[in-house]
1. Is it true that A:Gln92 is under 29 Å from A:Phe183 (Cβ atoms), of a type in the set (S, T, N, Q), at pLDDT 95 or above and touching a strand residue (DSSP E or B) at 6+ places or on another chain (Cβ under 6 Å)?
2. Quick check, is A:Thr23 outside any strand (DSSP E or B), in contact with a Cys (Cβ under 8 Å, 6 or more places away or on another chain) and under 30 Å from A:Val233 (Cβ atoms)?
3. Please work out if A:Val209 is in the same structural domain as A:Leu17 (by TED's automatic domain parsing) and free of Cβ contacts under 8 Å to residues at least 40 places away in the same chain.
4. From A:Leu254, A:Leu266, grab the single residue that is in contact (Cβ under 8 Å) with a residue 12 or more places away in the chain, surrounded by 15 or more Cβ atoms within 10 Å (Cβ to Cβ), under 22 Å from the mean Cα position of the chain (by Cα) and within 29 Å of A:Leu26 (Cβ to Cβ).
5. Hey, any hits in the stretch B:129-141 for a residue that's within 12 Å of another protein chain (Cβ to nearest Cβ) and more than 30 Å from A:Gly161 (Cα to Cα)?
6. Restrict the check to the stretch A:41-54 and report whether at least one residue is within 21 Å of A:Trp180 (Cα to Cα), away from every other protein chain (no Cβ under 14 Å), outside any strand (DSSP E or B) and in contact (Cβ under 8 Å) with a residue 40 or more places away in the chain.
7. Those residues that are among the aliphatic types (A, V, I, L, M) and under 25 Å from the mean Cα position of the chain (by Cα), I need them from the stretch A:210-236; list them, please.
8. For the stretch A:64-114, enumerate the residues that are within 11 Å of chain B (Cβ to nearest Cβ), in a helix (DSSP H, G or I) and without any contact (Cβ under 8 Å) to a residue 40 or more places away in the chain.
Amino acid sequence: MCPRSNRNVIRLLDLGLTESWRTQALYHAIAATMRIDSPDTILLCRPREPYLCLGYHQAYDATLERQECERRGLAVFRRRLGGGATYLDVNQIFYQCIAHHTRMPVVSRDIYKNVLGAPTKTLRRLGLNAELWDANEIEVAGKRIAGTGGGRIGEACVVVGNLLFDFDYDMLAQLWRVPWESFRELAHDALPESITTLKQSIGPLPVGVVQEILAEEFANAFGRPVVRGDVTVSEEQYARELATRMTSSEYLNLHGADTVGPAKSLKISARVWVQAEEVKVDGHQIRASFRVREHVIEEARLESRPARIWRGVEVALRGVPFNTWQRKLLQQRIH
Amino acid sequence: MTDSGNFHIPNDRYYDPVNHLWARVDSATGRIVVGLDALGLSALGDLVYVTLQPVGTPVRRGEPVGTLEAAKMTGDLIAPVSGILIGRNELVLRDPSLVNRDPYEGGWIASIDPTSWPKESAELIAGDAIPGWVKAEVERYQAQGWI
């Protein structure tokens, strides 16, 4: 049992396979009630049922197909932390670190460096060449293998993330709200090219083994003992209240009430984005979708009214800096 | 202007030392214009979202008046003074990177009609105290390896 008064000890809450609402609401409850003498806490868990989670500032209807989520019976939560919408299921292990802000660095990149050292080293111990890229992305061979997000909730500094054992690329691609279908196709293709999993990198792994290494590495990362503890009755009760709020229509529609259309930019990983653009050239209203890697176009799909075959232009746009695509398009149309 | 390393801190305003917000008195209206200072921005990184309560909302010093997000990390925007939220920089709400690009002029965030300015301004850093505070904060950030 982890003593609540010993500030040096980090409490480990192993929720195992649990209800989806507990995997989001419990860490929020622990963070919201944290005081300076509360134990810093790490939760490890996996959701029994798949669900979606919006980043705090995202507009639901710019991000996800609401009707498709409902049709598939997927719950949607809004977290109080940053980052993008995530599809979460049993094939992922979540880690959620909650520490009093006075016991964490002030600078965001150092907060991530502290916390994400543990999952990064866990992957290395599993034989993967994992590294932290762009402050908060854990990569293996240039591909994202985990999601991360963070924020300040009350007096707590919170960093959460997951390790992907496997990932349902097709499901996520169907749930995004997109401006047009060629955008969805590019985004769908970008997923396996930009995001990898433990199954792809190593093969099937027992969850317990990964979880044990992760707990050890958190103790190493913080330089403090990690001791198994229990969720308190008051934390559990407050989490139930928060779960109701986090899935309420009022909270899900908190931002972007005036949003009329889907977002025209979709982040696949820290390196890869899918972008939508519209332009009128020579009487053609063009809808363009781009897969952009580190500011350079990797793939382009163009469609227009009136219809025209744009294949040559699409090929010519590959390798072009994204911010110059219209200039290249104008050059190409002459030919 | 106080310069320390890469950090520029104008001397013509007040600073909340905890949350690294600046507060400047608009001499024409008596309102307090609020923004983030360079040290605070260096800790946060590039802003991607800023939200604010609606105009007319009463705010209290030390309590949230909005939210911020940078580097996938959210946080509250804390009011440095009490009063009524009277102005929101809509340009910043649409393009938060303006705060990083021009933190002391075009990147102002909110304006507040103050209710306790004489008392609360005494709790902020101003005038001759600014250079010493900036020096101490930069040294603290350096000692922690944050900059």
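The values are calculated or read from the model by the stated rules, or taken from the named source; none is laboratory data. From a predicted model like this one, the values you see are computed outputs, not experimental measurements. Here the Cβ positions follow ideal geometry from the backbone for every residue, glycine too, while neighbour counts run over all protein chains shown.
1. So A:Gln92 passes the test.
2. yes
3. For A:Val209, the condition - in the same structural domain as A:Leu17 (by TED's automatic domain parsing) and free of Cβ contacts under 8 Å to residues at least 40 places away in the same chain - is met.
4. A:Leu254
5. Within the stretch B:129-141 (the criterion being within 12 Å of another protein chain (Cβ to nearest Cβ) and more than 30 Å from A:Gly161 (Cα to Cα)), the answer is yes, since at least one residue qualifies.
6. no
7. Within the stretch A:210-236, A:Val210, A:Ile213, A:Leu214, A:Ala215, A:Ala219, A:Ala221 meet the criteria.
8. Across the stretch A:64-114, the qualifying residues are A:Arg109, A:Asp110, A:Lys113.
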